[in-house]
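Trainee: Below are the structure tokens for one structure; questions will follow.
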């Protein structure tokens with residue numbers, strides 16, 4: 001008889017001072033991963049092909065489905081967030097000459113405990129191809145349908161993420177039934193590319209950021225933002241800054257220095273904004289971006305930054 005998830009022994013990881021602050025709810029709901037589901041019992045998702053259940057009680061994580069080493073690696077709990085924030089602040093001071101950026105401090109305070117997790121590159125790649133021009137609930141539903149149709153059944157209610165070979169032989173009509181729309185041929189062609197070159201995603205880990213970005217953008221359906229999301233959320237290139245409509249509005253609205261980079265163009269380009277963030281926030285600019293994105297609905301508004309219109 002298959003062991004029920006509820007019958008498994010729950011393990012406990014007591015977070016150290018160096019691992020705090022950590023906010024599990026914020027980390028799993030901030031738009032970097034799409035297959036975690038929350039209930040009154042906590043969160044359920046998949047890590048390395050296994051079903052994982054996890055909840056937070058104060059400074060303790062109660063979980064099953066993985067060992068502590070995997071837990072720490074997946075949630076990047078070996079990153080000392082306070083040191084990271086100090087490096088961002090020092091970069092801001094070097095760039096601006098100011099001792100404090102109150103707007104960034106507001107975002108960091110409201111995003112306290114956020115961690116950028118370490119996702120599987122293949123799942124992350126397909127997920128962010130699916131994310132184009134969509135909101136988080138729609139993306140999650142789309143990926144859930146793909147898993148149900150093409151993934152391996154894990155238990156009564158859950159399916160694993162399909163491997164490249166499974167999607168490579170799928171027909172476009174079948175993938176379109178998963179609400180993928182125009183993304184369907186992108187998913188098939190990218191799966192075929194990975195199937196024909198199975199070491200591609202591993203090689204990207206050894207490339208410099210710009211070369212890695214170029215390689216990813218050779219794949220069907222992968223533009224600058226999708227490539228940067230994969231580099232940040234799967235390869236943990238923390239200096240990489242995905243620029244979506246929210247981040248564009250926040251950076252151009254609150255940091256007028258970025259406007260100097262557009263030259264004779266009407267608007268700042270994607271690269272203008274990303275490069276400004278790297279110069280301003282430093283080697284952890286991707287974390288700064290994620291603080292802004294995670295707290296976007298509660299940031300202070302003014303005439304230059306009206307996020308309600310997005």
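The values are calculated or read from the model by the stated rules, or taken from the named source; none is laboratory data. Owing to the predicted nature of the structure, the values given are computational and were not obtained by experimental measurement. Here the Cβ is made from the backbone with ideal geometry for all residues, glycine too, and neighbour counts use every protein chain on show.
Okay, residues lined up against (1) modelled with pLDDT under 95; (2) surrounded by fewer than 17 Cβ atoms within 10 Å (Cβ to Cβ); (3) touching a strand residue (DSSP E or B) at 6+ places or on another chain (Cβ under 6 Å); (4) under 22 Å from residue 160 (Cβ atoms):
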residue: 114; (1), (2), (3), (4): no, no, no, no
residue: 119; (1), (2), (3), (4): no, no, no, yes
residue: 131; (1), (2), (3), (4): no, no, no, yes
residue: 144; (1), (2), (3), (4): no, no, no, yes
residue: 147; (1), (2), (3), (4): no, no, yes, yes
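Trainee: Which residues, counting only those in the range 86-99, are closer than 19 Å to residue 253 by Cβ and free of Cβ contacts under 8 Å to residues at least 60 places away in the same chain?
Mentor: Within the range 86-99, 98 is the sole residue that qualifies.
Trainee: Exactly one of these conditions fails for residue 78: (1) within 30 Å of residue 281 (Cβ to Cβ); (2) surrounded by 15 or more Cβ atoms within 10 Å (Cβ to Cβ); (3) modelled with pLDDT of 95 or more. Give me its number.
Mentor: Answer for residue 78: the failing condition is (2).
Trainee: I'd like to know if the range 288-302 contains one or more residues that are at pLDDT below 90, assigned to a loop (DSSP other than H, G, I, E, B) and over 23 Å from residue 112 (Cα atoms).
Mentor: no
Trainee: Right, here's the next one. Just to be sure before I move on: is residue 276 in a helix (DSSP H, G or I), in the same structural domain as residue 89 (by TED's automatic domain parsing) and modelled with pLDDT of 95 or more in the structure I sent?
Mentor: yes
Trainee: For the range 45-77, give me each residue that is free of Cβ contacts under 8 Å to residues at least 40 places away in the same chain and either part of a helix (DSSP H, G or I) or under 18 Å from the mean Cα position of the chain (by Cα) (or both).
Mentor: Scanning the range 45-77 gives 45, 47, 69, 70.
Trainee: Now, a different point. Could you identify the single residue in 99, 132 that is within 20 Å of the chain's Cα centre (by Cα), outside any helix (DSSP H, G or I) and outside the structural domain of residue 26 (by TED's automatic domain parsing)? Lay out the reasoning, then the answer.
Mentor: On the way: 99 fails: within 20 Å of the chain's Cα centre (by Cα).
Residue meeting the stated conditions: 132.
Trainee: While we're looking at this one, here's another question. Only one of (1) surrounded by 14 or more Cβ atoms within 10 Å (Cβ to Cβ); (2) at positive phi; (3) at pLDDT 95 or above fails for residue 58. Which number is that?
Mentor: The number of the failed condition is (1).
Trainee: When you check residue 181 against the structure, is it touching a residue at least 24 places away in the same chain (Cβ under 8 Å), surrounded by fewer than 18 Cβ atoms within 10 Å (Cβ to Cβ) and within 29 Å of residue 148 (Cα to Cα), yes or no?
Mentor: Working: touching a residue at least 24 places away in the same chain (Cβ under 8 Å): no; surrounded by fewer than 18 Cβ atoms within 10 Å (Cβ to Cβ): yes; within 29 Å of residue 148 (Cα to Cα): yes.
For residue 181, the condition - touching a residue at least 24 places away in the same chain (Cβ under 8 Å), surrounded by fewer than 18 Cβ atoms within 10 Å (Cβ to Cβ) and within 29 Å of residue 148 (Cα to Cα) - is not met.
Matching residues to (1) assigned by TED's automatic domain parsing to the domain that holds residue 186; (2) under 20 Å from residue 290 (Cα atoms):
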{"residue": "105", "(1), (2)": "no, yes"}
{"residue": "136", "(1), (2)": "yes, yes"}
{"residue": "140", "(1), (2)": "yes, yes"}
{"residue": "147", "(1), (2)": "yes, no"}
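Trainee: So which residues in the range 85-95 are buried (at least 18 other Cβ atoms within 10 Å of the Cβ) and within 22 Å of the chain's Cα centre (by Cα)?
Mentor: Scanning the range 85-95 gives 85, 88.
Trainee: Mind counting the residues in the range 252-270 that are over 19 Å from the mean Cα position of the chain (by Cα) and part of a helix (DSSP H, G or I)?
Mentor: 10
Trainee: Tally up the residues in the range 187-218 that are closer than 16 Å to residue 120 by Cβ, assigned to a loop (DSSP other than H, G, I, E, B) and within 19 Å of the chain's Cα centre (by Cα), please.
Mentor: 1
Trainee: Tell me, please, whether a residue that is touching a helix residue (DSSP H, G or I) at 6+ places or on another chain (Cβ under 8 Å) and within 23 Å of residue 278 (Cβ to Cβ) can be found in the range 34-56.
Mentor: No, the conditions are met nowhere in the range 34-56.
Trainee: Considering each of 296, 254 in turn, give the residue that is in contact (Cβ under 8 Å) with a residue 40 or more places away in the chain, touching a strand residue (DSSP E or B) at 6+ places or on another chain (Cβ under 7 Å) and surrounded by fewer than 21 Cβ atoms within 10 Å (Cβ to Cβ).
Mentor: So the residue among 296, 254 that is in contact (Cβ under 8 Å) with a residue 40 or more places away in the chain, touching a strand residue (DSSP E or B) at 6+ places or on another chain (Cβ under 7 Å) and surrounded by fewer than 21 Cβ atoms within 10 Å (Cβ to Cβ) is 254.
Trainee: Being exposed (fewer than 15 other Cβ atoms within 10 Å of the Cβ) and either not in a loop (DSSP other than H, G, I, E, B) or not assigned by TED's automatic domain parsing to the domain that holds residue 133 (or both) is the filter here, so list the residues in the range 160-173 that pass it.
Mentor: So the first thing to find is which residues in the range 160-173 are exposed (fewer than 15 other Cβ atoms within 10 Å of the Cβ), and the list is 165, 169, 171-173.
The answer is 165, 172, 173.
Trainee: Checking residue 162 against (1) in contact (Cβ under 8 Å) with a residue 40 or more places away in the chain; (2) in contact with a helix residue (DSSP H, G or I) (Cβ under 8 Å, 6 or more places away or on another chain), which test does it fail?
Mentor: All conditions pass for residue 162, except number (1).
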